[in-house]
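Student: My questions will all concern the structure given below.
The values are calculated or read from the model by the stated rules, or taken from the named source; none is laboratory data. Since the model is a prediction, treat every value here as computed from it, not as a measurement. Ideal geometry is used to build each Cβ from the backbone, glycine not excepted, and the neighbour counts take in all protein chains shown. Each accessible area value is taken on the protein alone, full model and side chains, heavy atoms only, with ligands, DNA and RNA left out. Shrake-Rupley method; radii C 1.70, N 1.55, O 1.52, S 1.80 Å.
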Amino acid sequence: MTRINEHKFELNNEEYLLTWYDKPRLTRGGVELKVLPILREYILKMNLPLLLVNSKGNKEVTNIVAKKILEHFSQGNSNNKSIISNTLTLKTKSKNIKEKPHKTNDTKKLSANEKIDDLLKSFDWQKIKDKKIQKLLIIGCSDSKTPGGNNQIRNYFNDVQYDNLLNDRITNLNNYNQLLQEDPNYFIYKENKPNKPIKRNGNRVTDDYFSNCINENLLKPAINRYEGGKFYKAEHLRLYREKNISSNLHILIISALYGVIEFRDSIIDYHLEMSKIRFWSRNNNTSINSVVKKYIKENNIDNEMVFYSLSKGGTYSYTRALKPSEPWKNIWIEHDRGDTSARFIKDHFLPNL
């Protein structure tokens with residue numbers, strides 16, 4: 001049985017909410033708390049028949065404990081379930097362990113189509129299909145980019161209230177120029193793929209090419225610059241434009257160089273992964289999350305109508321850069337490197353708006 005995404009429970013006269021989208025989170029009154037200590041106390045005080053140590057006698061980590069609770073309540077169990085006599089507790093030592101966790105059929109891997117079906121069932125389609133309701137889709141940029149452009153500038157985030165984002169962009173452009181000088185091979189070859197050079201119009205590009213992009217300041221709308229990427233195929237682009245007009249769909253893009261972009265904003269041609277720590281790290285990401293929240297507020301978008309499709313892997317992922325809030329919903333499907341997620345948006349999400 002598929003794990004549910006959330007579970008409400010009461011402990012010490014306080015109400016908690018355990019959720020799991022990109023990772024387990026625990027909140028009380030909207031405030032995020034440390035997950036593991038509270039879940040352990042919950043299991044012990046409520047006598048839940050869940051193991052807190054693994055077969056080797058080691059204490060389970062946050063993800064495992066949260067997963068066990070969500071899977072337990074996915075099966076329709078209640079908080080009043082009496083404790084099983086041989087349930088292990090934190091005091092259990094490895095030498096006394098006699099039983100291993102019960103194996104279930106939950107380990108069965110779901111196909112891409114099954115994952116899509118599960119995601120579709122989780123939506124409030126009546127609300128999503130209401131064309132009067134404002135909606136927001138947040139997607140990542142693309143490694144694939146088209147060259148060229150013009151000098152026409154459009155920048156949604158140019159107001160004084162977005163100074164923090166604009167300042168971060170200036171810092172990033174300065175860092176980018178420094179990267180051009182210090183590490184030209186980064187711009188000739190993709191990281192960790194020395195046999196696969198970056199190409200524009202069939203020609204291998206060098207650091208000089210990207211320097212010219214900055215100096216010449218040739219710009220294109222982001223939606224056109226990223227054309228050809230997984231989330232930017234011809235049908236995607238058509239639906240983005242159509243649903244933006246007909247269904248009140250707002251579209252924001254998370255970019256390693258620009259931070260946050262409205263999908264029609266003008267950008268240069270560049271090459272930069274989010275994993276370049278000097279740009280958007282845990283320490284210097286001061287604007288991406290706050291800017292998205294301001295955008296949501298000024299456009300009267302309900303948080304339940306915020307959807308993002310961003311990868312969660314890597315040294316510093318797009319999801320970590322965004323720092324999503326509850327109840328924003330990640331519609332990224334963990335099956336491949338984005339192909340299934342892009343297909344889901346094109347074939348199911350956008351057409352149904």
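Student: Examine the stretch 214-235 for a residue that is modelled with pLDDT under 95 and either in contact with a Pro (Cβ under 6 Å, 6 or more places away or on another chain) or among the small types (Gly, Ala, Ser) (or both), and state whether such a residue exists.
Tutor: Looking through the stretch 214-235, at least one residue is modelled with pLDDT under 95 and either in contact with a Pro (Cβ under 6 Å, 6 or more places away or on another chain) or among the small types (Gly, Ala, Ser) (or both).
Student: Turning to a different aspect of this structure: Residue pairs, Cβ under 7 Å, 6 or more apart or interchain, first in the stretch 202-217 and over 17 Å from Gln178 (Cα atoms) and aliphatic (A, V, I, L, M), second open to solvent by 90 Å² or more (accessible area, probe 1.4 Å) and assigned to a strand (DSSP E or B). List them.
Tutor: That search, which allows pairs on different chains as well, returns Val205/Lys199.
Student: Of everything in the stretch 107-123, what is in a loop (DSSP other than H, G, I, E, B) and either open to solvent by less than 40 Å² (accessible area, probe 1.4 Å) or under 17 Å from Pro351 (Cβ atoms) (or both)? Give them in sequence order. Before you say what the answer is, go through the steps one by one.
Tutor: Taking the stretch 107-123 first, the residues in a loop (DSSP other than H, G, I, E, B) are 108-111, 122-123.
Answer for the stretch 107-123, where residues must be in a loop (DSSP other than H, G, I, E, B) and either open to solvent by less than 40 Å² (accessible area, probe 1.4 Å) or under 17 Å from Pro351 (Cβ atoms) (or both): just Phe123.
Student: Additional query: Can you tell me which of Ser78, Ser82, Ser74 is modelled with pLDDT under 85 and open to solvent by less than 30 Å² (accessible area, probe 1.4 Å)? Steps first, answer last, please.
Tutor: On the way: Ser78 fails: open to solvent by less than 30 Å² (accessible area, probe 1.4 Å); Ser82 fails: open to solvent by less than 30 Å² (accessible area, probe 1.4 Å).
Matching residue, one of Ser78, Ser82, Ser74: Ser74.
Student: OK, next. Within the stretch 221-248, restricting attention to residues that are of a type in the set (Gly, Ala, Ser) and in a loop (DSSP other than H, G, I, E, B), which residue is surrounded by the fewest Cβ atoms within 10 Å (Cβ to Cβ)?
Tutor: The residue in question is Gly228.
Condition check ((1) hydroxyl-bearing (Ser, Thr, Tyr); (2) in contact (Cβ under 8 Å) with a residue 40 or more places away in the chain) across all residues:
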position	(1), (2)
Lys127	no, yes
Gly149	no, yes
Gln161	no, yes
Asn164	no, yes
Tyr176	yes, yes
Asp183	no, no
Pro197	no, no
Arg200	no, yes
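Student: Could you give me the residue pairs with C-beta distances under 9 Å whose first residue belongs to the stretch 319-331 and is on the phi > 0 side of the Ramachandran plot, whose second residue is open to solvent by less than 20 Å² (accessible area, probe 1.4 Å) and at pLDDT below 85 wherever it lies, and which are 6+ apart or on separate chains?
Tutor: Within 9 Å, the pairs are Lys323/Asn285.
Student: Further question: I need the full set of residues from the stretch 317-331 which are in contact with an Asp or Glu (Cβ under 8 Å, 6 or more places away or on another chain) and aromatic (Phe, Trp, Tyr), in order please.
Tutor: Selection gives nothing.
Student: Let me ask you something else. Looking at (1) open to solvent by less than 60 Å² (accessible area, probe 1.4 Å); (2) closer than 30 Å to Asn330 by Cβ; (3) modelled with pLDDT under 90, can you tell me which one Thr146 breaks?
Tutor: With respect to (1) open to solvent by less than 60 Å² (accessible area, probe 1.4 Å); (2) closer than 30 Å to Asn330 by Cβ; (3) modelled with pLDDT under 90, Thr146 is out only on (3).
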